[in-house]
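The values are calculated or read from the model by the stated rules, or taken from the named source; none is laboratory data. From a predicted model like this one, the values you see are computed outputs, not experimental measurements. Quick reminder, even Gly has a Cβ in these numbers, built from the backbone with ideal geometry, and neighbours come from all protein chains shown. Just so you know, the surface numbers come from the protein's heavy atoms only, side chains and all, with ligands and any DNA or RNA stripped out. Shrake-Rupley method; radii C 1.70, N 1.55, O 1.52, S 1.80 Å.
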Amino acid sequence: MTQHPPLVIDRTGSDIHAELATLRRRGPVARIELPGSVPAWSVTGYEAALRVLGDPRFSKDPRKHWPAFRRGEIGEDFPLIGWVLMDNLTTAHGNDHSRLRRLTAKAFTPRRVEAMRPMIERATAELLDELAGVAPGEPVDLKRRFAHPLPARVISDLFGVPEEERAELLRGGEVNVDTTTSPEEAAANVERWHRQMHEFVERKRRSPGDDLTSDLIAAQEANGSRLSPSELVGTLHLMLATGTEPVMNLIANAVHALLTHPDQYELVRKGEASWDDVIEETLRAEAPVAHLPFRFATEDVELGGVTIRQGEPVLVAFAAIGRDPSVHGAGADRFELSREDKTHLAFGHGIYRCIGMPLARAELQIALPELFRRFPDLELAVRPEQIKPQSTFIMNGLESLPVRLGPEGGRG
Ligand code: HEM
């Protein structure tokens, strides 16, 4: 195989799909360089990703399995330091991971999520009522007015975050995915959300409510969970961030895909494609989590024609995997609701598979049909090429989504 120099990842995420296509041409596993000149590997092939995601020789714990971090070579100035210093499921390995997963996953089983549907429907209706007050021809940013507040409201209600604290506590998730922040900003952000989250936990400890934060605190106090104070704070941060950011991107990406592919929207209108087709095809072609840090090889591993050395970091490129031509053929990049095989790994796989998958799907199943039922003439308010991507290579989303809603109920 040709030896390529590492591809320097564009921290602004200006064209994620083009970058991932370049990587894919270099093989299913290719060398990259992360901001801060940190070398790593990227997995863009479906088969190789299945292997990485299912192989216990890949750990997510930098404290145990990233020698460069243990040696002090990865400092507070590493732009992705937030992803290293978190103390939660995404940085846990082995028994620690199973323990943390057991504590959180039970709140998001399909049965528990079914019971959340009325709450999601209410939040959707309230946001759409607010949008109905906008003049039909006036541009609105659908990301700011709908795609973000819907999952933010749902996850904040579940975790008992009061209205007045939401913006600040959810900002932790936003800043963590922005890969254009300076090292100083990144370190300050980590410090700030740690402090805010600690204060939130202390308030909940003093006056618990009927919410998942209070449940986690109760589990900690019952002493069976062995949940450390730092894990409790880390877990809450993770739940608020993952409960909001990728769902927001999935809503925005799905709406954007339909508005830029009128022929596909027409299939939905005529009942020839379902909303589940829209959701799964968006997850495949526009996976909301694009290029996720971190895994570390705990020993040398042969994979996709390369040897990943012990201690080397690996990122899984979910946004590339859904477009792998060896699974989806030459038309893998096209957004096509009628394709039979919509295989993707957008929610991960195996023991790390997303615990929020049923909730995310339920939110989309409610949000998309309601949005288009009330505003069937929804259209972009700018030219497609004026829509900018979110400034990150970790997530696949839009900076904003300016639309015109059209009259409620449509022009008839
Ligand atoms: C469309 C929305 C979502 C997408 C695309 C998504 C994607 C993912 C992916 C790819 C992983 C695997 C990470 C890995 O293998 O390293 C993951 C894990 C996770 N997700 Fe999601 N997610 C979404 C929504 C949610 C929601 C709504 C929640 C919470 C309510 C959530 C909570 C989590 C948690 C806690 C994990 C860690 C699981 C573990 O390490 O065992 N996610 N998600």
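Kindly evaluate residue 185 against the criterion of being surrounded by fewer than 16 Cβ atoms within 10 Å (Cβ to Cβ), free of Cβ contacts under 8 Å to residues at least 24 places away in the same chain and within 23 Å of residue 389 (Cβ to Cβ). Give the steps one after another, and end with the answer.
On the way: surrounded by fewer than 16 Cβ atoms within 10 Å (Cβ to Cβ): yes; free of Cβ contacts under 8 Å to residues at least 24 places away in the same chain: yes; within 23 Å of residue 389 (Cβ to Cβ): yes.
So residue 185 passes the test.
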Unmet requirement for residue 327, which otherwise passes all of (1) away from the ligand (no atom under 16 Å from the Cβ); (2) of a type in the set (Val, Ile, Thr); (3) open to solvent by less than 30 Å² (accessible area, probe 1.4 Å) = (3)
Given the conditions (1) of a type in the set (Gly, Ala, Ser); (2) out of contact with any His (no Cβ under 6 Å at 6 or more places or on another chain); (3) in contact (Cβ under 8 Å) with a residue 40 or more places away in the chain, every one holds for residue 59 apart from (2)
Scan segment 299-314 and report the pairs whose first residue is farther than 20 Å from residue 38 by Cα and touching a residue at least 12 places away in the same chain (Cβ under 8 Å) and whose second residue is polar (S, T, N, Q) and part of a strand (DSSP E or B), with Cβ atoms within less than 9 Å and a gap of 6+ or a chain change.
-> none
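Limited to segment 22-58, what total is found for residues that are part of a helix (DSSP H, G or I) and either open to solvent by 30 Å² or more (accessible area, probe 1.4 Å) or farther than 19 Å from residue 306 by Cα (or both)?
Here is the first cut: in segment 22-58, the ones part of a helix (DSSP H, G or I) are 22-25, 46-54.
Imposing the further condition that a residue be either open to solvent by 30 Å² or more (accessible area, probe 1.4 Å) or farther than 19 Å from residue 306 by Cα (or both) reduces the set to 22, 24-25, 46-47, 50-51, 54.
Qualifying residue count, segment 22-58: 8.
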Scanning segment 69-85 residue by residue, the ones that are open to solvent by 20 Å² or more (accessible area, probe 1.4 Å) and part of a helix (DSSP H, G or I) total 4
If you go through segment 367-397, how many residues are closer than 15 Å to residue 150 by Cβ and crowded, with 22+ Cβ neighbours inside 10 Å?
-> 5
Pairing a residue in segment 338-366 that is within 15 Å of residue 322 (Cβ to Cβ) and assigned to a loop (DSSP other than H, G, I, E, B) with any residue that is open to solvent by 30 Å² or more (accessible area, probe 1.4 Å) and more than 9 Å from the ligand (Cβ to nearest atom), where Cβ atoms lie under 6 Å and the two sit 6 or more apart in sequence or on different chains, gives 342/280; 343/327
Write out, first by first residue and then by second, each pair whose Cβ atoms fall under 6 Å of each other, whose residues are 6+ apart or on separate chains, and whose first residue, in segment 86-107, is under 17 Å from residue 58 (Cα atoms) and open to solvent by 40 Å² or more (accessible area, probe 1.4 Å) while the second is more than 10 Å from the ligand (Cβ to nearest atom) and of a type outside the set (A, V, I, L, M).
-> 93/59; 93/61
What number of residues within segment 200-245 satisfy the criterion of being open to solvent by 30 Å² or more (accessible area, probe 1.4 Å) and within 11 Å of the ligand (Cβ to nearest atom)?
-> 1
Filter segment 141-168 for residues that are part of a loop (DSSP other than H, G, I, E, B) and either open to solvent by less than 10 Å² (accessible area, probe 1.4 Å) or among the basic types (Lys, Arg) (or both) and give the result.
-> 159, 161
Would you point out which residue out of 138, 126 is away from the ligand (no atom under 13 Å from the Cβ), farther than 29 Å from residue 189 by Cα, open to solvent by 80 Å² or more (accessible area, probe 1.4 Å) and touching a strand residue (DSSP E or B) at 6+ places or on another chain (Cβ under 9 Å)?
-> 138
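Just to confirm my filter: which helices (runs of 4 or more DSSP H) fall fully inside segment 231-336 and include at least 1 residues that are more than 25 Å from the chain's Cα centre (by Cα)? Spell out the reasoning first.
On the way: elements: 262-269, 275-285, 318-321, 325-328.
Where helices (runs of 4 or more DSSP H) fall fully within segment 231-336 and carry at least 1 residues being more than 25 Å from the chain's Cα centre (by Cα), they are 262-269.
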